[in-house]
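Step one of this worksheet: look at the structure below.
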Amino acid sequence: MGFVSGALAIRSKGIYFAMITVALSQMVYFFCVEAPFTHGEDGIQSVPQARALGLIDLSKPMQLYGFVAVVFLIGFFFVYRTINSPFARS
């Protein structure tokens with residue numbers, strides 16, 4: 001889908017490129033909101049919460065929030081180190 005929309009958008013320049021990109025993204029957004037399998041703006045409900053890595057019970061809200069915070073911080077640190085590395089400066 002990205003290849004097709006990119007092939008359409010890349011043929012235009014300036015503000016037309018921006019307008020085509022926004023129009024295509026809005027079409028995909030409204031398709032996803034109106035599709036019956038996504039349940040629209042309510043999202044997908046009744047997804048069971050299992051155990052993360054077989055250790056952490058994600059059905060308890062505080063453990064879920066803590067797990068998400070740790071995963072976010074690890075990802076943030078990885079991006080920070082990549083940006084501030086010699087590799088990113090070349």
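The values are calculated or read from the model by the stated rules, or taken from the named source; none is laboratory data. Remember, predicted model here, so these are calculated numbers, not experimental data. Neighbour counts are summed over all protein chains in view; Cβ atoms, including those assigned to glycine, are modelled from backbone coordinates with ideal geometry. With ligands, DNA and RNA removed, areas are computed over all heavy atoms of the protein, side chains included. Shrake-Rupley method; radii C 1.70, N 1.55, O 1.52, S 1.80 Å.
Where residues in region 55-90 are assigned to a loop (DSSP other than H, G, I, E, B) and among the aliphatic types (A, V, I, L, M), which of them is nearest to Met1 (Cα to Cα)? The selected residue is Leu58.
Go through region 19-54 and give me each residue that's polar (S, T, N, Q), in a helix (DSSP H, G or I) and exposed (fewer than 11 other Cβ atoms within 10 Å of the Cβ).
First pass over region 19-54, keeping only residues polar (S, T, N, Q): 21, 25-26, 38, 45-46, 49.
If we keep only those that are in a helix (DSSP H, G or I) too, we end up with 21, 25-26.
Once the filter is applied, which keeps residues that are polar (S, T, N, Q), in a helix (DSSP H, G or I) and exposed (fewer than 11 other Cβ atoms within 10 Å of the Cβ), region 19-54 yields only Gln26.
For Phe77, the criteria (1) modelled with pLDDT of 80 or more; (2) open to solvent by 100 Å² or more (accessible area, probe 1.4 Å); (3) under 30 Å from Phe31 (Cα atoms); (4) not acidic (Asp, Glu) hold in every case but one, which is (3).
Would you say Ser5 is among the small types (Gly, Ala, Ser), in contact with a Leu (Cβ under 9 Å, 6 or more places away or on another chain), surrounded by 10 or more Cβ atoms within 10 Å (Cβ to Cβ) and on the phi < 0 side of the Ramachandran plot? First the steps, then the outcome.
Numbers: among the small types (Gly, Ala, Ser): yes; in contact with a Leu (Cβ under 9 Å, 6 or more places away or on another chain): yes; surrounded by 10 or more Cβ atoms within 10 Å (Cβ to Cβ): yes; on the phi < 0 side of the Ramachandran plot: yes.
Taking the combined requirement at face value, the residue satisfies it.
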